[in-house]
Amino acid sequence: MKLDPRSRLLLIVLLTTLAVLSEDVGNLMIVAGAAIGAGILCRISFLDAAKRLKHFLSLILFIAVVQSLTVKGGDILVHIGKVQLLTSRGIGFALEFVLRMSVILMAGLIASTAEGSEMTDGLLKLRMPYELAFMSAIALRYLPVFRDEFANRIKAIALRGIDIKKLSLWTKLKLYGYLITPAILGAMQKSEELARALNARGFRAFKKRTMLRELKLSYKDWIVMITALVFTAVFLIRMYTCGALLVL
Amino acid sequence: MLIELENLTFSYQKRLPPVLCGLNAVFESRGIALLTGANGSGKTTLANLILGILKPCAGSIKLDGKNAVKMSPGARANRIGYLFQNPDLQLFAPTVEEELSFPFELSKTLTEEKKALLKELIKKFGLSGMETRFPLGLSGGEKQRLALAALLSKGVEYLILDEPTSALDAGSKEDLIHFINDFSKNNGVLVMSHDEDLADALEDKRVLRLEGGRLYEA
Ligand SMILES: Nc1ncnc2c1ncn2[C@@H]1O[C@H](COP(=O)(O)OP(=O)(O)OP(=O)(O)O)[C@@H](O)[C@H]1O
Ligand SMILES: [Mg+2]
């Protein structure tokens, strides 16, 4: 059985909060472990996700490598003559970055498991105004559409006989102008059409809305939510007593 | 440009049955081939394969006898013009004029000759007076004509037109038919369409039907 959207929303909020608040590698590892657990609970296929996000993942790794090479401090691990290459602080920084991004990615993956109006229903049950809930759901729903459209535009520009790889950096930037302008304008056109379509179908014609599926929290949802909340509370208190919680 | 397809097979997802299945065809370097087929029969997919936007799962595509595997979509598009079913995706520039000139500006090949050719194309496709308009703000038919003019600015030898009349009124349709008949005297044209008027008015055409992933001569 699938988790209720509300439980998933809670997991997302807690995971991102912990990822942002945790400061050292040890704590982040615990949070990352919890994130993997949450991912398994939400039935995320890790292999598919890695495939889908492979460009993003390689970017994260690239940043981590740059960070570990440029941040200096702590023990010197690798050096050539007097030039420090790798220091313990650099590695720590990079690790923190990778772990934090992985947790945030996991939260994003959990968010993307929502189907159709699930998240809207969940947000509504949490007493968010319908218009707001609907807007956020639409935004999520259109992300892949824009991604596909952008990919198609890159192909279409290649079909103009332009070999993107062979261009100089400056012309490349100009080219991105040609890609982004119509994408933004197209998005605006699309949103106007969507608004018209909504009005044509009587959006907000009645004050009270009924729902096709009434959401109900199962015992499993309660267990997940309570465990997640207790875990977060214990974690934050422990960090606070160790003086690791810097914001407070 | 002679286009030869051999045993071409393609599916969007491994789990789904293939859209094209062992398709064989030869499109001559002169004359018109009219490709019909129900919605979803794979016409657009076939065009994307020929242009290299999609990669075949099996089989080969030969352009003028040379295997096209190693040719990039850009290299293929310099010789084969492909008018999208939805020309919105083919327009990029802030003005009609720039829409035609920007590929040449980017590659620094915008000569005086080219400029004259572009002016001529603007006139030929009834876009005079719209030079400074925003392409995506044009009407459907005007967008299609602009996209077609942009394709021809490169001097392509073959044209693939995907539902070219879907947005055209009777007058523009007549112009297009005239253009296709004329262009096909020296070049090849592959027209994918359900439009009966268009089908009747095209001269000396081969009619092909795409069904169940294969091509049939009608
Ligand atoms: N990006 C895609 N991913 C998965 N399936 C696709 C994709 N694009 C097309 N298809 C499927 O492939 C099949 C062929 O689509 P295609 O667009 O080539 O048909 P078509 O003959 O051009 O149809 P139409 O006459 O409506 O333009 C359809 O069943 C379609 O649903
Ligand atoms: Mg099509």
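The values are calculated or read from the model by the stated rules, or taken from the named source; none is laboratory data. Note that the structure is predicted; figures quoted are calculated from it, not measured. Glycine also receives a Cβ, built like all others from the backbone with ideal geometry; neighbour counts cover every protein chain displayed. Calculation scope for accessible area: heavy atoms of the full protein, side chains included, ligands and nucleic acids excluded. Shrake-Rupley method; radii C 1.70, N 1.55, O 1.52, S 1.80 Å.
Just so you know, in segment B:92-110 the residues that are more than 9 Å from chain A (Cβ to nearest Cβ) and touching a helix residue (DSSP H, G or I) at 6+ places or on another chain (Cβ under 7 Å) include one that is farthest from A:Ile157 (Cα to Cα), and it is B:Leu110.
Only one of the numbered conditions (1) closer than 17 Å to B:Pro164 by Cα; (2) away from every other protein chain (no Cβ under 14 Å); (3) part of a helix (DSSP H, G or I) is not met by B:Gly126, and that is (3).
Residues that are within 16 Å of ligand 1 (Cβ to nearest atom) and open to solvent by less than 30 Å² (accessible area, probe 1.4 Å) were ranked within segment B:169-194; the one that is farthest from B:Asn78 (Cα to Cα) is B:Ser193. Filtering B:Leu63, B:Leu34, B:Leu2, B:Leu54 for residues that are of a type in the set (A, V, I, L, M), more than 14 Å from chain A (Cβ to nearest Cβ) and within 16 Å of ligand 2 (Cβ to nearest atom) leaves a single hit, B:Leu34. When each of A:Ala151, A:Ala197, A:Ala187, A:Ala183 is tested for being modelled with pLDDT of 85 or more and outside any loop (DSSP other than H, G, I, E, B), the lone residue that passes is A:Ala197.
Regarding segment B:132-148, can at least one residue be identified that is within 19 Å of B:Arg79 (Cβ to Cβ) and within 16 Å of ligand 2 (Cβ to nearest atom)? Looking for residues that are within 19 Å of B:Arg79 (Cβ to Cβ) and within 16 Å of ligand 2 (Cβ to nearest atom), one finds at least one in segment B:132-148, hence yes. Within 14 Å of chain B (Cβ to nearest Cβ), among the β-branched types (Val, Ile, Thr) and touching a Pro at 6+ places or on another chain (Cβ under 7 Å), is that true of A:Thr171? No, not satisfied.
Only residues that are in a loop (DSSP other than H, G, I, E, B) and open to solvent by less than 10 Å² (accessible area, probe 1.4 Å) were counted across segment B:139-155, and they come to 1. In this structure, does A:Leu159 turn out to be surrounded by 13 or more Cβ atoms within 10 Å (Cβ to Cβ) and under 18 Å from B:Asp88 (Cβ atoms)? Yes: the conditions hold for A:Leu159.
Looking across segment A:200-227, the residues that are in a helix (DSSP H, G or I) and open to solvent by 60 Å² or more (accessible area, probe 1.4 Å) come down to A:Ala200, A:Tyr219, A:Lys220, A:Trp222, A:Ile223, A:Ile226, A:Thr227. Under the condition of being touching a residue at least 40 places away in the same chain (Cβ under 8 Å), of a type outside the set (Phe, Trp, Tyr) and open to solvent by less than 60 Å² (accessible area, probe 1.4 Å), the residues counted in segment A:125-144 number 1. Do we have A:Ala50 as in the same structural domain as A:Arg89 (by TED's automatic domain parsing), closer than 20 Å to A:Ser112 by Cα and not polar (S, T, N, Q) here? Here the answer is yes, as A:Ala50 does meet what is asked.
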